[in-house]
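The values are calculated or read from the model by the stated rules, or taken from the named source; none is laboratory data. Just so it is clear, the structure is predicted and the values come from calculations on it, not from any experiment. Using ideal geometry, Cβ is built from the backbone for each residue, glycine included, and neighbour counts are taken over all protein chains shown.
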Amino acid sequence: MFKRILLTFSLLLGSGCPLSLRAETSRAVDPYDLEAAYLVHFLEFVDWPAGTFADPKAPFVIGILGEDPFGNRLAHLTEGRLINQRPVVLKHFGRFDPGDEDTLKTCHILFVAESEKGRLSTILKLVRRAPVLTVSEIEKFPLFGGILGFDQEGRKIHLSLNPKAAKSAQLKVSARLAQVCKTYRED
């Protein structure tokens, strides 16, 4: 099933087709299967600044902050996987602790779980200028300063982007990814 999700994701981005995938809860794909696939594939559609990696074989790190909604989905998608000749490593954080600031900045992608909504402002301030792609399913996440959001409307998942936050993090989001996202501007 994960191969089917990844193939669908790749085909949609490759074709420039608007990316609002149905996540039928009864027969088809679970929304968290799709979100897990998105997280892995974001690594292919974002460029990190020079000096982000210690060496050419240093891994991509995906961090999950808060209550992990993915179960073992991300582990299945990343196990043994190389993206741009780099392995993908998962880090699970519990609830946000201000002492985690340096560790959070070592992530290339930081998924902020819904459980951290009350601490969102503090979390985003801590990683704002670090080259960390922040992603969440918290409603209108990019309006709060996050970079990419999963916006769910009924059984569809839409992607949203805050280009100003990406620029502040020194991240270059590919045009192919940006064109399938709703663009938000911070107030």
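Observations
- Subset of region 146-156 (residues that are surrounded by fewer than 20 Cβ atoms within 10 Å (Cβ to Cβ) and either within 16 Å of the chain's Cα centre (by Cα) or on the phi > 0 side of the Ramachandran plot (or both)): 151, 152, 154
- Residue within region 96-106 that is among the aromatic types (Phe, Trp, Tyr) and either more than 15 Å from residue 41 (Cα to Cα) or assigned to a loop (DSSP other than H, G, I, E, B) (or both) present: yes
- Residue within region 151-165 that is within 25 Å of residue 54 (Cα to Cα) and out of contact with any Phe, Trp or Tyr (no Cβ under 8 Å at 6 or more places or on another chain) present: yes
- Some residue of region 58-66 being in a loop (DSSP other than H, G, I, E, B), in contact with a Lys or Arg (Cβ under 9 Å, 6 or more places away or on another chain) and over 18 Å from residue 152 (Cβ atoms): yes
- Options 74, 82, 34; residue that is over 20 Å from residue 176 (Cα atoms), crowded, with 16+ Cβ neighbours inside 10 Å and at pLDDT 90 or above: 74
- Scanning region 122-174 for residues that are assigned to a loop (DSSP other than H, G, I, E, B), out of contact with any Ser or Thr (no Cβ under 8 Å at 6 or more places or on another chain), touching a residue at least 40 places away in the same chain (Cβ under 8 Å) and among the aliphatic types (A, V, I, L, M) yields one hit, 171.
- So residue 185, is it closer than 22 Å to residue 60 by Cα, touching a residue at least 12 places away in the same chain (Cβ under 8 Å) and not in a strand (DSSP E or B): no
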